[in-house]
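What follows is a set of notes on a single structure, which appears directly below.
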Amino acid sequence: MQFGRYYEEFEVGAVYKHWPGKTVTEYDDHLFCLITMNHHPLHLDLNYAEKTTQFKRNVVVGNYVYSLLLGMSVADVSGKAIANLEVESLRHVAPVFHGDTIYGESTVLDKVESKSKDDRGIVTVETRGHNQDGTLVCIYRRKVMVPKRAYGEARGGEQPGRPEPVAPKPKS
C-alpha cells in the first residue's frame with residue numbers, strides 16, 4: 001500500500017478519495033473533548049443539548065472532525081511529508097452528530113518547487129469531509145512540504161528505517 005506521495009507524483013487537479021470512512025461514536029467525541037480539555041456542554045452533556053440547543057442533541061467537537069479528516073488524508077497526501085507548513089483555511093459547514101460517518105477527499109490545488117532546496121516542493125491541497133448523506137461538514141486547505149523521489153531514495157526508499165528480518169540462530 002502506498003503511504004504518501006513524492007512531489008513528482010502530485011498532479012494539480014487530482015482528487016484522492018480517502019478510504020475507509022469513520023463512524024463517529026459518542027466515546028470518540030467525549031475522549032477527544034476530555035484529552036483536549038474542551039468541556040463545553042454542547043459536546044458532553046446530553047441534557048444540556050436537548051434542552052438548550054437548536055439540534056436537541058450533542059454536536060461532535062469540530063476539531064475532532066478536522067483531525068479525523070487530516071488523519072484520513074495522510075496515506076494519500078502527507079505520508080512522506082517533510083513538514084506540514086500551514087492550514088490556510090478551515091470551515092465547519094454543517095454539524096456532525098454521534099453516529100454520523102465521515103468520508104474525506106482531497107484535491108491538489110497547487111505544487112511549487114522549493115526555492116531554497118532542490119530536493120523538495122510544496123503541495124497545496126483542499127480536503128473536504130462529507131457525512132453519510134453526502135452533506136459537506138468540513139473543508140480546509142493546507143500546504144505540505146514533500147520530498148522529491150531522489151530525497152526519499154537517499155533515505156531508505158518506500159519504507160525508511162524498516163529493519164530486515166533476521167533468521168533465528170540454530171540451537172546448539
Name the pairs: first residue in the stretch 144-172 and over 10 Å from D119 (Cβ atoms), second residue among the aromatic types (F, W, Y), Cβ to Cβ under 8 Å, at least 6 apart or on different chains?
V146/Y6; V146/Y7; V146/F10; E158/F3
If we scan the stretch 114-123, do we find a residue that is touching a residue at least 60 places away in the same chain (Cβ under 8 Å) and of a type in the set (S, T, N, Q)?
no
Reported set for the stretch 2-21 where residues are open to solvent by 40 Å² or more (accessible area, probe 1.4 Å) and in contact with a helix residue (DSSP H, G or I) (Cβ under 6 Å, 6 or more places away or on another chain) is F3, E8
Breaking point among (1) more than 14 Å from the chain's Cα centre (by Cα); (2) open to solvent by less than 60 Å² (accessible area, probe 1.4 Å); (3) of a type outside the set (A, V, I, L, M, F, W, C); (4) closer than 19 Å to K148 by Cβ, for K115
(2)
H43 - would you say it is modelled with pLDDT under 95, open to solvent by less than 40 Å² (accessible area, probe 1.4 Å) and more than 30 Å from R149 (Cα to Cα)?
yes
Can you tell me how many residues within the stretch 38-72 are among the aromatic types (F, W, Y) and over 17 Å from G99 (Cβ atoms)?
2
Is it true that some residue in the stretch 131-143 is open to solvent by 60 Å² or more (accessible area, probe 1.4 Å), hydrophobic (A, V, I, L, M, F, W, C) and not in a loop (DSSP other than H, G, I, E, B)?
no
Can you name the residue in the stretch 85-130 that is part of a loop (DSSP other than H, G, I, E, B) and of a type in the set (D, E) and, of all such residues, is nearest to S67 (Cα to Cα)?
D100
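Residue-wise test of (1) open to solvent by 20 Å² or more (accessible area, probe 1.4 Å); (2) farther than 30 Å from L44 by Cα.
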{"residue": "L68", "(1), (2)": "yes, no"}
{"residue": "G71", "(1), (2)": "yes, no"}
{"residue": "N84", "(1), (2)": "yes, yes"}
{"residue": "V96", "(1), (2)": "no, no"}
{"residue": "G99", "(1), (2)": "yes, no"}
{"residue": "D119", "(1), (2)": "yes, yes"}
{"residue": "T124", "(1), (2)": "no, yes"}
{"residue": "M145", "(1), (2)": "yes, yes"}
Flagged in the stretch 73-82 as open to solvent by 30 Å² or more (accessible area, probe 1.4 Å) and either within 13 Å of the chain's Cα centre (by Cα) or closer than 20 Å to Y103 by Cα (or both), in numbering order, are V74, D76, A81
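Filter the stretch 22-37 down to residues that are hydrophobic (A, V, I, L, M, F, W, C) and crowded, with 16+ Cβ neighbours inside 10 Å and give me whichever is farthest from I102 (Cα to Cα). Break it down into steps so the answer makes sense when it comes.
Our first condition is that a residue be hydrophobic (A, V, I, L, M, F, W, C); within the stretch 22-37, this holds for 24, 31-35, 37.
Subset that is crowded, with 16+ Cβ neighbours inside 10 Å: 24, 32-33.
Details: V24: 7, F32: 16, C33: 18 Å.
Filtering the stretch 22-37 for residues that are hydrophobic (A, V, I, L, M, F, W, C) and crowded, with 16+ Cβ neighbours inside 10 Å, the one farthest from I102 (Cα to Cα) comes out as C33.
The values are calculated or read from the model by the stated rules, or taken from the named source; none is laboratory data. Because the structure is a prediction, the values reported are computed rather than measured. Don't worry about glycine lacking a Cβ; one is built from the backbone with ideal geometry, like all the others, and counts go over all protein chains shown. Quick note on the areas: whole protein, heavy atoms, side chains included, nothing else; ligands and nucleic acids left out. Shrake-Rupley method; radii C 1.70, N 1.55, O 1.52, S 1.80 Å.
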